[in-house]
1. Taking the stretch 59-107 as the search range and keeping residues that are without any contact (Cβ under 8 Å) to a residue 60 or more places away in the chain and aromatic (Phe, Trp, Tyr), which one is most open to solvent (accessible area, probe 1.4 Å)?
2. Considering each of Ser148, Ser97 in turn, give the residue that is of a type in the set (Ser, Thr, Tyr), outside the structural domain of Arg332 (by the TED database), modelled with pLDDT under 75 and more than 27 Å from Leu196 (Cα to Cα).
3. Please go through (1) under 24 Å from Gly343 (Cα atoms); (2) within 41 Å of the chain's Cα centre (by Cα); (3) at pLDDT below 80 for Glu411 and return the number of the only condition it doesn't satisfy.
4. For Phe297, only one of the following conditions fails: (1) in a helix (DSSP H, G or I); (2) more than 20 Å from the chain's Cα centre (by Cα); (3) under 28 Å from Ile161 (Cα atoms); (4) touching a residue at least 24 places away in the same chain (Cβ under 8 Å). What is its number?
5. Could you tell me whether any residue of the stretch 30-44 is at pLDDT below 85, surrounded by fewer than 17 Cβ atoms within 10 Å (Cβ to Cβ) and more than 22 Å from Ala229 (Cβ to Cβ)?
6. Residues Ile197, Ile185: which one is outside any helix (DSSP H, G or I), surrounded by 19 or more Cβ atoms within 10 Å (Cβ to Cβ) and hydrophobic (A, V, I, L, M, F, W, C)?
7. Out of the residues in the stretch 47-58 meeting the condition of being of a type outside the set (Asp, Glu) and open to solvent by 60 Å² or more (accessible area, probe 1.4 Å), tell me which one is farthest from Arg6 (Cα to Cα).
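The values are calculated or read from the model by the stated rules, or taken from the named source; none is laboratory data. These numbers come from a predicted model, not from an experiment. Neighbour counts are summed over all protein chains in view; Cβ atoms, including those assigned to glycine, are modelled from backbone coordinates with ideal geometry. Each accessible area value is taken on the protein alone, full model and side chains, heavy atoms only, with ligands, DNA and RNA left out. Shrake-Rupley method; radii C 1.70, N 1.55, O 1.52, S 1.80 Å.
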Amino acid sequence: MTEQARILVVDDDNSHRLMLSTVLDEWGYEVVEADSGDKAVALVRSEPVDLVIMDIRMPGIDGIEATKLIRQFNPALPVIILTAYGSIPSAVDAVKSGAFDYLTKPVDLDALNAVINKALEHERLKAENEILREQLARFQIADIVGRSPAMERVLELISLIAPTDATVLITGESGTGKSLVARAIHAHSPRKHKPLIEVNCAAIPENLVESELFGHEKGAFTGAEKARAGKFMQANGGTIFLDEIGELNLSVQSKLLHVLQDKKIQRVGSDVAIPIDVRIIAATNRNVEEMLSNGSFRMDLYYRLNVTRIEVPPLRKRPEDIPILAEHFLKRFSEKYEKDVKGFTPEAMHFLMTHSWPGNVRELENAIERAVILSRNPYIDVKELNILGAGLPEPGDVTRSSFEQGNLTLEDVERITILKTLEETGGNKSEAARRLGITRRTLKLKLKKYNAEKKRTP
């Protein structure tokens, strides 16, 4: 391991424990000691430890039982058992219970050194493999795509916030890509080699939220047949992303506030506070200020979460990103479904540009995926997009039945969209042109073409 490993030596024999601690210290390890199994379990629960060397015969909780309890709390922590020659069968049982290896007393120091190196190397390789898996997962996650000023601001905030350890609140409508922002923050942070645990707060039954987040002890409630580490413990050292945090009830909000303040969690059914080191990123698609005013979100929790804030803009406010996103998704799904789709017809791209996208980037992604699946030609046309046929809302009179029956031409769709957008902007042509992703001059030409100029305010 690149960092100095911290080893816990557990033995009720003071002289033997002192001898091991002295040797380990000379080998360059940081050493902590315990003279009983009970103290060893308590220490592992409260302090960071990289490896445990434990005698099997001790009063109270013996080495086997202590190993089981330690492994139950932290399955990744290697335990080396020390045993007298006559207790080898017990040591074998300990290995079956989760111990990494065992050595007989008196301990051969060369053998001890070899086993320690093997155990720490094993954990290092496991950590490296986990990092590779995380990197692969990140490569499989769509990058944040966009060149609009609004998205450039988001990317700038990510670059400024990510290297810090500040708590982050991400707000924005559903489908805007809040989870991508959270992953980008973690991926560019000092914690990038540690876990990123994502929790959809809206998807957890209310009676299980505390257990899911903080864990529980065996027998804490009906069905709790064994102790369980919660999401916060799984994220220890890394980042936890609490998506849809606005769905948490006030009781859980209160407990979360204490976690932010004290940096400790308490499992359901336990009165032991466990220290944790976790960066919190939260997100919501709800109006936080409105929730604060009606009392459904705690003001003190909001201030703790809102240390730094990123507002992810809806797609309608960055229409210049639509062609880039469309091409990005086209490439991804063409490869996924092994189809030779090269691009979009001008009519299809215009159709994409004039759709209102109430479902934001997620809706666009789904539309492109569906179009790729349905496409029989190298270029996607309007009929493959079939946005209206899927029952999604469009401005004006464009209905599912009229589109399916062929009663509307592309020009009809364009005209209705332009007029509806002008209506929404109160006749402001500059704002309407911006929303439509066209120039003001193009908008005036379109209005003239549809003989609608005189019907609009200048």
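1. Tyr85
2. Exactly one residue qualifies, and that residue is Ser97.
3. (2)
4. (1)
5. no
6. Answer to the selection: Ile197.
7. Once the filter is applied, the top-ranked residue is Arg57.
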